[in-house]
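The values are calculated or read from the model by the stated rules, or taken from the named source; none is laboratory data. These numbers were taken from a predicted model, which means no experiment stands behind them. Reconstructed Cβ throughout: ideal geometry from the backbone, glycine too, with neighbour counts over all protein chains shown. In case anyone asks, the SASA skips ligands and DNA or RNA and just uses the protein heavy atoms, side chains included. Shrake-Rupley method; radii C 1.70, N 1.55, O 1.52, S 1.80 Å.
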Amino acid sequence: MTLHPTALTACTQRVDGCPYDAFEMGLLPVIRHMLTTYRSPETQAWVRAQTVAVERWGETVGLALCQRMQGVIRMLWECRKSDLSFMDPLDLDQRALLSDDEEALMDMLHHMRRDQTPKARDAVERLTGGLMDPHLIREGLKLAARFPAVGEATPSRHSGPRLSVVGGTA
C-alpha cells in the first residue's frame, strides 16, 4: 500500500469501520478528486469529481452536490493548504482507506448532516488544528442543509405547539 504522493501522513484507517451512510461514502471519491484539483490544478480532477457525482446521483443532484462540496473544499484548502493529507482517488488499494484529515472531514460532514453540533465542532477542530474557521463551518452547514441525513431522527427545532387547520367552514 502506498499513500498518495501528496499525502504527508501515513495515519490511515479502513473506511468500513466508520459510521458513514451510503451518501457520505459516495462523497469520498468526489472529495478526493476535488482535493487533487487544489493540490495539482493541471490534473483538472474536478471533471472526474463531477463525473463521479453525476453517475451516482444524476445530473441535478450530482452537480448541485459538487457545487456545495467545492465550497467546503475551497474553505478547507484556505485553512490547511499543503499539509492536508488524502488518498489517491484513482488508486484501487487506497479506496478502502482514510487519512486522518479525510476522516475528520467526513466526520464533520456526517455530524453536520445530523445536526450533532458538539461532535461537528470536535471534527472541525481536528480538521483545522484547533481553528474554528467560520467560513469552513458555514460551507459545511450549507452542504448539510441541502443534503441532510435521510431517515434518521434529528431534533426538531420547533418544540412548542403548532397551529393547523382542522376543519373547513360550512
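Taking packing as the residue-averaged number of other Cβ atoms within 10 angstrom, the listed peptides 94-105, 13-24, 41-52 run from highest to lowest as 94-105, 41-52, 13-24. Put simply, the amide H of LEU97, placed in the peptide plane, has neighbours under 5 Å in VAL15, leaving out anything fewer than 5 places away on its chain. With all protein chains kept in place, the per residue accessible area of region 21-146 amounts to 45 square angstrom at a probe of 1.4 angstrom. What translational diffusion coefficient, in µm²/s and rounded to a whole number, does the Stokes-Einstein relation yield for region 21-146 at 20 °C and a viscosity of 1.002 mPa s, taking the hydrodynamic radius as the Kirkwood radius over Cα pairs? Diffusion coefficient, whole number: 149 µm²/s. Above 16 Å, the calculated P(r) of region 47-113 contains 58 percent of its Cα-Cα pairs. Near PHE86, the amide H atoms lying under 5 Å from its own belong to ALA7, LEU8; only residues 5 or more places off or on other chains count, and H is placed 1.01 Å from N. Couplings for region 19-24, taken from phi via the Karplus curve 6.51 cos²θ - 1.76 cosθ + 1.60 with θ = phi - 60°, read x, 6, 7, 4, 4, 5 Hz in order; Gly and Pro are left as x. Here region 21-146 exposes an accessible surface that is 52 percent carbon and sulfur, computed with a 1.4 Å probe and the other protein chains kept in place.
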